[in-house]
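Here's the structure, in structure tokens; my notes come after.
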Amino acid sequence: MAEVKTQKITCPQCKRELDINVWSKVELPYDAPQREQVLRNTFFKVGCENCKATFTIAYNCKYNDMERKYLLWVVPAMDDKTRKEIEVYNQRLSMDNSLRLAQGGYRYRIVRNDNELREKVFIFDEGLDDRYIETLKIVYVPLIKNKVGKDIPITGIYFDKKASGGYQFVVTFVNKPPMCADVNMEIYQDMMQKLKSIAERNTPDGLCRIDADWALAIMMHQVEA
């Protein structure tokens with residue numbers, strides 16, 4: 001079940017002290033309202049009743065979907081304490097036969113913020129594989145750069161559903177409105193076929209980061225091979 005406690009914070013705008021709920025663990029299917037908050041990107045949002053400011057509070061949290069079999073660990077800052085906790089969990093996972101059996105077929109991921117958490121939940125709930133979504137992003141980056149300009153830095157690329165159906169990437173920039181790019185899922189299927197063997201070999205059994213760096217390394221290895 002969920003693990004939640006009340007914590008006091010200070011509003012960054014009006015300096016009023018606020019009480020907020022901090023979730024150390026969310027478990028599906030029990031915590032369905034929290035799933036909806038994650039998908040609406042409001043789970044980590046805090047509103048100040050005094051000045052009406054809205055802001056995001058980042059903290060460590062485990063999101064465990066026991067029906068779809070995936071565990072996401074939100075880690076805003078990878079300090080020594082958290083790194084050790086992850087190491088201990090992965091060691092236990094590799095040595096505890098009962099835990100491995102209970103969590104057979106699980107996917108384990110480390111995410112860094114609310115946007116990454118929402119994206120992973122969306123991908124897995126759609127029945128897709130985040131590894132090939134990440135490699136697909138690498139393919140789309142040059143196309144995006146050609147549209148917005150090669151000198152404009154991209155701050156994030158997030159997989160999402162189009163209102164009209166199908167999928168898209170939502171691309172964010174510094175001091176520039178986000179843009180959307182339609183996703184060709186035939187390329188995704190092609191990635192799955194071509195990269196499956198190397199992706200499986202390079203996906204750790206426990207908690208790990210599957211992101212742009214991981215995807216680029218996989219694709220470079222494929223080219224070299």
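Derivation of every value follows stated rules applied to the coordinates shown; laboratory data play no part. All of these numbers come straight from a predicted model, not from anything done at the bench. Please note: Cβ atoms are built from the backbone with ideal geometry, for glycine as well, and neighbour counts cover all protein chains shown.
Residues in the range 205-217 carry Karplus couplings, in order, of 6, x, 4, 7, 8, 10, 9, 5, 4, 4, 5, 5, 4 Hz; the curve used is 6.51 cos²θ - 1.76 cosθ + 1.60 with θ = phi - 60°, and Gly or Pro positions show x. Computed on the Cα atoms alone, the convex hull of the range 130-224 gives a volume of 118 cubic angstrom per residue.
Legend: calculated FRET efficiency, Ala58 to Met179, from the Cβ-Cβ distance at R0 = 25 Å, rounded to 0.05, equals 0.50. Our note on the geometry: Cα centres of the range 1-48 and the range 128-187, 28 Å apart. Applying both filters, DSSP loop and at most 14 other Cβ atoms within 10 Å, to the GluC sites (Glu not before Pro) of the range 1-102 gives Glu49, Glu67.
So how far apart, in nm, are the two label points at Val139 and Asp211 if each is 7 Å from Cα heading toward Cβ? Each label point is offset 7 Å from its Cα along the Cβ direction, giving 2.3 nm. Largest mean-square fluctuation among Arg35, Arg68, Arg16, in a Gaussian network model of the chain whose springs join Cα atoms under 10 Å apart, belongs to Arg16. Take the Cα of Ser164, step 7 Å toward its Cβ, do the same at Met95, and the gap between the two points is 5.6 nm.
Sticking with the crude label model, points 7 Å out along Cα→Cβ, report the distance from Lys15 to Arg83 in nm, one decimal please. Those two pseudo-labels are separated by 3.6 nm.
Bridging of Lys176 to lysines at a Cα separation below 20 Å is possible for Lys137, Lys145, Lys147, Lys150, once same-chain residues fewer than 8 apart are set aside. Isolated cysteines of the chain, defined as having no other cysteine beta carbon under 4.7 Å away, are Cys61, Cys180, Cys208.
What's the long-distance tail for the range 3-125, i.e. % of Cα pairs beyond 23 Å? Roughly 37 percent, once rounded to a whole number. Across the range 147-161, computed HN-Hα scalar couplings (Karplus, 6.51 cos²θ - 1.76 cosθ + 1.60, θ = phi - 60°) run 7, 9, x, 5, 8, 8, x, 8, 9, x, 10, 10, 7, 8, 9 Hz from first to last residue, x flagging Gly and Pro.
Close amide H pairs (under 5 Å, H built 1.01 Å from N) link Leu28 with Asn64, Asp65, Met66, residues at least 5 positions away or on another chain.
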